[in-house]
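Asks: Provided herewith is a single structure, encoded as structure tokens, for subsequent inquiry.
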Amino acid sequence: MTILGSPTLARAEWEPLAAAHAAAADALTSGHRERRDRGEKHAVEDFLFEYYTTRPAHLRRWHPGPGVVLEDAPEHAGWRFYRTADGRTQMDVAAFLDQRGAGLDQIERLLRATADRPARFGCFGMHEWAMAYRAGEDIRHPLPLRLGQAGTDAVVDANPIACSHFDAFRFFTPAAIPLNALQPTRETQVALEQPGCLHATMDLYKWATKLAPAVPSSLQLEAFALALDVRRVDMQASPYDVSAFGLDAIAVETPEGKREYASRQRDFAARGAALRARLLASIESVRQVAAT
């Protein structure tokens, strides 16, 4: 049985899907939740919950997507952007478009523009180094610099900086800003976003979250898993020493490290392209349901 083949699901059909999704989400967030309960911080993984702000409890919610009708689903009936009639609950597409239509259009423009643009793999993760360049006491993360401040600054001085992602660029230190080949702004994001960028790939999780419940939860969870993988590599290639988290450095200041980083970028870009296409398909589904 698949959701696409069964637009109306009895509770006996959809409840196991919801339970399996919740279990998968719990498995991915267990470390974060356990650390949170102990009051511990994790400089690598906490980013996905602090920067993107989605709580584990929301991530474990199961949404079937637009056009799927659930029988006997009082849990969903109480959630935002759902409606119930005669014991049948489904996403309220009209209400979603009324309140989120402008945001959906903006996300679609960004996703389509990014998908149509060739991926670039020549930045070698220098954005994180630019965030620490000549930072002094204003260092971004409470982690030791692997090469020290002078060594970090020397790497930035010796390598071209070509960051296209505004939400990375905006955290550059004042000294690093003029070194970037581009000067991205929020207004130029659609024009500059490119699929080889690690942060653009991580942001697929943000867009999946903002589109919920119009996006099936399986897609949101895959986007989260990809973002978690990307975040680890992002920090492995950063100037920070992340060995305390069981992560080996990707020494992008060396030719070998640059090759490894570019290889990881290509893998993430391929995975991201598949998820980006599915997000766009979900947006199209919303429009199709609204038109019926």
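The values are calculated or read from the model by the stated rules, or taken from the named source; none is laboratory data. Since this is a predicted model, take the numbers as computed values, not measurements. Every residue, glycine as well, gets a Cβ built from its backbone with ideal geometry; the counts of neighbours run over all protein chains shown. We work out accessible area using only protein heavy atoms, side chains counted, and drop any ligands, DNA or RNA first. Shrake-Rupley method; radii C 1.70, N 1.55, O 1.52, S 1.80 Å.
Asks: Report yes if A27 is loosely packed, with under 14 Cβ neighbours inside 10 Å and either modelled with pLDDT of 95 or more or within 17 Å of V215 (Cβ to Cβ) (or both), otherwise no.
Replies: In short, yes.
Asks: Now, a different point. Restricting attention to region 139-157, which residues are open to solvent by 60 Å² or more (accessible area, probe 1.4 Å) and either of a type outside the set (A, V, I, L, M, F, W, C) or in contact (Cβ under 8 Å) with a residue 40 or more places away in the chain (or both)?
Replies: The answer is R140, P142, P144, R146, L147, D157.
Asks: Does T254 meet the test of being more than 28 Å from A22 (Cα to Cα) and at pLDDT 95 or above?
Replies: yes
Asks: Next up: Consider T185 carefully, then state whether it is open to solvent by 30 Å² or more (accessible area, probe 1.4 Å) and of a type in the set (S, T, N, Q).
Replies: When the stated conditions are applied, T185 passes them.
Asks: In region 149-176, how many are in a helix (DSSP H, G or I) and more than 18 Å from G122 (Cα to Cα)?
Replies: 7
Asks: Quick one: would you say A208 is of a type in the set (G, A, S), outside any loop (DSSP other than H, G, I, E, B) and crowded, with 22+ Cβ neighbours inside 10 Å?
Replies: Judged against the criteria, A208 is a match.
Asks: Cβ-Cβ below 7 Å, separation at least six or inter-chain, first residue in region 256-285 and in contact (Cβ under 8 Å) with a residue 60 or more places away in the chain and crowded, with 17+ Cβ neighbours inside 10 Å, second acidic (D, E) and part of a helix (DSSP H, G or I): which pairs?
Replies: If the second residue must be acidic (D, E) and part of a helix (DSSP H, G or I), the pairs left are L275/E222; I283/E108.
Asks: Another question about this same structure. If the requirement is being closer than 27 Å to E15 by Cα, open to solvent by 30 Å² or more (accessible area, probe 1.4 Å), of a type outside the set (S, T, Y) and at pLDDT below 95, which of these qualifies: G78, G122, G136?
Replies: Exactly one of G78, G122, G136 is closer than 27 Å to E15 by Cα, open to solvent by 30 Å² or more (accessible area, probe 1.4 Å), of a type outside the set (S, T, Y) and at pLDDT below 95, namely G78.
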